[in-house]
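K.L.:
Input: one structure, supplied below.
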Amino acid sequence: MKRIYSIEDACIGCHLCEVACITEHSRSKDPVRAFLHEAVRPISRCTVEEWEGGVVSLSTNCRHCDEPDCLRACISGAIQKDEAGVVRMDVEQCIGCWSCVMACPYGAVQRNLKAKKANKCDLCPDRENPACVDACPNRALVYKEGSQK
Amino acid sequence: MNYVIIGNSVAAVGAIRGIRKIDATGHITVLSRENHVAYGRPLISYLLGGTVTEKRMPYLPEDFYRKNQVNLLLGAEVVAVESGASRVKLASGETIPYDKLLVATGGDPFVPPIEGMNGKEKVFTFTTWDDAAKLKGLAYDIDKVVVIGGGLIGLKAAEGLSQLDKQVTIVELADRILSAAFDRTAGRIVAKKMKANGIEVLTEDTVVRIDGEGSEITGVTLKSGEFIACDTVVVAIGVRPAAGFLKGSGVEVNRGVVVDDRMETSVAGIFSAGDVAEARDFFSGGKNPMPIWPDAYIQGDVAGISMAGGQKDYQGGLAMNSIELFKVPTISMGITNPELGERYQVLTYQNPEKYEYRKIVLENDLLVGVVMVGNVDRAGIFAGIIRDKVAVAPFKEHLLAPDFGFVHLPKEIRSSLFAPQGKAA
Ligand SMILES: Cc1cc2nc3c(=O)[nH]c(=O)nc-3n(C[C@H](O)[C@H](O)[C@H](O)COP(=O)(O)OP(=O)(O)OC[C@H]3O[C@@H](n4cnc5c(N)ncnc54)[C@H](O)[C@@H]3O)c2cc1C
Ligand code: SF4
Ligand code: SF4
């Protein structure tokens, strides 16, 4: 299956992937409305980490694991792997117990404290390429066939 | 191939998926004593407290059993395993033959004899959907509850009852609550929060008598002599492996059903997984029960693959718990209460005002335990470091940082996890 990979040396630490992710998962799909006016602002599913003020930075994201630790830990069954291999979370079913946060070795599940729901990458089902990949100005994110690693 | 699985919870689900990875056509029969499809057992306290509805209890998509061609028999209790004849016997008298058998029966609540308990109506245990439904159904008639046992199940029952505005007292024999998962500091922080929410927590004491008349409870008497008025008692002292029916089968049962790294028991063709099993520990290499949800799934997966003739070894059980009580999230994993002395090094950070705490336990150059209270974000990164035995020397001073992440790890590790180059990518 296609996965998102991250090229650390190309990452400029601008966080635009996070903005794109939040926007894509908002109601309005408009960044200004999503950030200013929506009651529960989505949390970015990718996480840009920085070191020493940006000397090192990279965007970390879900690996859509072949054997997902998040799925095995989820006590409500909110996390399932679909036929294409995408590891999906049903936020309606999620009870906010954070077992998936405890289990994911990639740190790829986020806590939305306001909604008391976990969220994770869904590879943007409504788009051809995930929003983060399209948004990166320096092509530090690539979407291509590959293993989980 | 004819697979029979006893129990229909998370270990069974892991096993069904494990079998189907290898064998698409073999017959799978699942026998369950309970009258429900697989459900999120830990959700019963949420059901009691009213934060989830019955509709959310089923653990699997509706078509799971059909898609995986599983013959699910509910209300079917196994009373004996006749290993010589390769069949199991049900309470109804019916026998069911198997080629490969999985024992995934979990635990039964342990209820010690307590003076005055016999004949009392409102004495409950709290491990099943039906237990929660029963308590909820009688809630109108409950005011004051004593919960015996301050482990995970006791605390979760207490939280659910308190959400229904019941007055709850927890009585715990040890010197702190959740002594299995928490260290002293984390236990104290959570106890403080429980008390702030009106729950009484009594430690180093236990219930010696249930007082009352006829079927009514008027209170309990503690070992210390104290009397606590109540009308309901929840017994949550612990669970024991549900393995009584294995008597006479030849399967070795110690503190649980003893299994090897393929989850096979002492009798060839009979496997076991989940809370009922006693498998290898990640750190010690010795065998012990590991009664947690994620491990039950993983053991089920290994068992299923082994039963279908595939090869997969168990990596060893790693204790991990994510427990949120009264909005204080906590995550603990690995060795959280290390013995004092030279062997372990402990790093801590604490801010009690904000209910925040973090503890890191190191053994030589390896991470072996973590406790997080308050900010639990990305805790799984630590789980990965423990499992992969990553040497921590290069980033040790960052382990307590609130934003600890992959940037602190050596670049090779980051690249191997996230970068596009590499053989398969
Ligand atoms: C209130 C509560 C909260 C919990 N919270 C958490 C949590 O937050 N995180 C966590 O990791 N774990 C939690 N746990 C523990 C977790 O639920 C267990 O680790 C997990 O359910 C074990 O799964 P299992 O498949 O081994 O067995 P179980 O879930 O125990 O299921 C075994 C099934 O087998 C059936 N059975 C038993 N004997 C027979 C027989 N003779 N014939 C037929 N069927 C039989 C039983 O009726 C049961 O349905 C909690 C448990 C409880 C009770
Ligand atoms: S959230 Fe984590 S464990 Fe789950 S599929 Fe993504 S990377 Fe794997
Ligand atoms: S927080 Fe939600 S998705 Fe994560 S383990 Fe709990 S119920 Fe499952």
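K.L.:
Can you tell me the alpha carbon radius of gyration of region B:331-424 divided by the globular rule-of-thumb value 2.2 N^0.38 Å?
P.N.:
That works out to 1.14 for region B:331-424.
K.L.:
Let me ask something additional. Among DSSP bridges having both ends in the protein assembly as shown, what percentage is antiparallel? Round to the nearest 5.
P.N.:
The answer is about 65 percent antiparallel.
K.L.:
Counting DSSP beta bridges with both partners in region B:123-237, what percentage is antiparallel, nearest 5?
P.N.:
Of all bridge pairs located within region B:123-237, approximately 40 percent are antiparallel.
K.L.:
Tell me the mean residue ellipticity at 222 nm calculated for chain B from its helices only (DSSP H runs of n ≥ 4, each -39500 (n - 2.57), averaged over every residue, nearest 500).
P.N.:
After summing the helix terms and dividing by residue count, I get -6000 deg cm²/dmol.
K.L.:
If you only keep lysine pairs separated by 8 or more in sequence, or across chains, how many in region B:123-237 come under 22 Å at the Cα atoms?
P.N.:
20
K.L.:
Quick one: which of A:Lys29/A:Lys81; A:Lys120/B:Lys396; B:Lys55/B:Lys89; A:Lys2/A:Lys120 span more than 21 angstrom between C-alpha atoms?
P.N.:
A:Lys29/A:Lys81; A:Lys120/B:Lys396; B:Lys55/B:Lys89
K.L.:
Only four residue types carry charge here, +1 at the Cβ of Lys and Arg and -1 at the Cβ of Asp and Glu. Report the dipole size of region B:123-237 about the Cα centre in Debye, rounded to the nearest 20.
P.N.:
The calculated dipole for region B:123-237 is roughly 500 debye.
K.L.:
What are the lysines whose alpha-carbon lies under 16 Å from the alpha-carbon of A:Lys117, with same-chain residues fewer than 8 places away excluded?
P.N.:
Here the lysines satisfying the reach criterion relative to A:Lys117 are B:Lys327.
K.L.:
Taking H placed 1.01 Å from N in the peptide plane, check which residues at least 5 places from B:Ile170 or on another chain put their amide H under 5 Å from its amide H.
P.N.:
Correct list: B:Val147, B:Glu200, B:Val201, B:Leu202.
K.L.:
Sticking with this one: Once you wrap a convex hull around the alpha carbon atoms of region A:69-148, what is its projected area averaged over all directions, in nm²?
P.N.:
6.2 nm²
K.L.:
Work out the length of the dipole vector of the protein assembly as shown about its Cα centre, built from +1 on the beta-carbon of each Lys and Arg and -1 on the beta-carbon of each Asp and Glu, and round it to the nearest 20 debye.
P.N.:
Dipole of the protein assembly as shown, to the nearest 20 debye: 860 debye.
K.L.:
Oh, and also: Looking only at A:Ala108, A:Ala39, A:Ala73, which one moves most when chain A is put into a Gaussian network model with springs between Cα atoms under 10 Å?
P.N.:
Looking only at A:Ala108, A:Ala39, A:Ala73, the biggest GNM fluctuation is shown by A:Ala39.
K.L.:
Can you give the log10 of the normalised intensity I(q)/I(0) at q = 0.09, 0.14, 0.21, 0.23 Å⁻¹, computed with Debye over equal Cα scatterers of region B:123-237?
P.N.:
So the normalised log intensities are -0.21, -0.52, -1.18, -1.38.
K.L.:
Can you give the mean number of other chain Cβ atoms that lie within 10 Å of the Cβ atoms in peptide B:49-56?
P.N.:
For this peptide, the per-residue mean of nearby foreign Cβ atoms is 2.
K.L.:
Principal axis lengths of the protein assembly as shown from Cα atoms, whole Å, largest first?
P.N.:
Projected onto its principal axes, the Cα set of the protein assembly as shown covers 76, 58, 54 Å.
K.L.:
What are the aspartates and glutamates whose alpha-carbon lies under 15 Å from the alpha-carbon of A:Lys149, with same-chain residues fewer than 8 places away excluded?
P.N.:
Here the aspartates and glutamates satisfying the reach criterion relative to A:Lys149 are A:Asp66, A:Glu67, A:Asp69, B:Asp388, B:Glu412.
K.L.:
From the backbone phi of region B:81-97, what are the Karplus-calculated ³J(HN,Hα) couplings (6.51 cos²θ - 1.76 cosθ + 1.60, θ = phi - 60°) in whole Hz, Gly and Pro given as x?
P.N.:
Once rounded to whole Hz, the list reads 10, 9, 5, x, 8, 6, 8, 10, 10, 9, 4, 6, x, 5, 10, 10, x.
K.L.:
Per residue of A:86-96, what is the mean number of Cβ atoms on other protein chains within 10 angstrom of that residue's Cβ?
P.N.:
Taking all residues of A:86-96 together, the mean is 2.
K.L.:
Something else: Answer with one residue from B:Ile381, B:Gln421, B:Leu366: the one whose Cα lies farthest towards the positive end of the charge dipole of region B:331-424, charges on Cβ with Lys, Arg +1 and Asp, Glu -1.
P.N.:
Of the options given, the answer is B:Gln421.
K.L.:
If only Cα atoms are counted, what is the Rg of region B:267-425, and what is its Dmax, in Å?
P.N.:
17.7, 56
K.L.:
When the Karplus curve 6.51 cos²θ - 1.76 cosθ + 1.60 is applied with θ = phi - 60°, which whole-Hz ³J(HN,Hα) does each residue of region B:216-229 get, with x for Gly and Pro?
P.N.:
8, 9, 10, x, 10, 10, 8, 4, 5, x, 5, 10, 10, 6
K.L.:
Now for a different question. Which is farthest toward the positive dipole end of chain B among B:Pro112, B:Val259, B:Met307, measuring Cα position about the Cα centre, with Cβ charges +1 (Lys, Arg) and -1 (Asp, Glu)?
P.N.:
B:Met307
K.L.:
Which percent, nearest 5, of DSSP beta bridges in chain B are antiparallel?
P.N.:
Once the DSSP bridges in chain B are tallied, antiparallel ones form about 60 percent.
K.L.:
Further, regarding this structure: Taking B:Lys122 as the anchor, which aspartates and glutamates have their alpha carbon closer than 17 Å to its alpha carbon, excluding any fewer than eight residues away along the same chain?
P.N.:
Qualifying aspartates and glutamates at Cα under 17 Å: B:Asp130, B:Asp131, B:Asp141, B:Asp143, B:Asp211, B:Glu213, B:Glu216, B:Asp231.
K.L.:
Based on Cβ point charges of +1 for Lys and Arg and -1 for Asp and Glu, what charge dipole magnitude is obtained for region B:331-424 about its Cα centre, in debye rounded to the nearest 20?
P.N.:
320 debye
K.L.:
Here is a follow-up. Restricting to Cα atoms and excluding each atom paired with itself, what does the Kirkwood estimate give for chain B in Å?
P.N.:
Hydrodynamic radius (Kirkwood, Cα only) of chain B equals 23.3 Å.
K.L.:
Within 10 Å of each Cβ in peptide B:317-324, how many partner chain Cβ atoms are there on average? Round it to a whole number, please.
P.N.:
3
K.L.:
Same structure, new question: Can you give the log10 of the normalised intensity I(q)/I(0) at q = 0.11, 0.19 Å⁻¹, computed with Debye over equal Cα scatterers of chain A?
P.N.:
-0.40, -1.24
Each reported figure results from applying straightforward, stated rules to the coordinates on display, with no laboratory input. Just so we're clear, the structure is a prediction, and the values are computed from it rather than from any experiment. Heads up, the Cβs are rebuilt from the backbone with ideal geometry, glycines too, and the neighbour counts pull from every protein chain shown.
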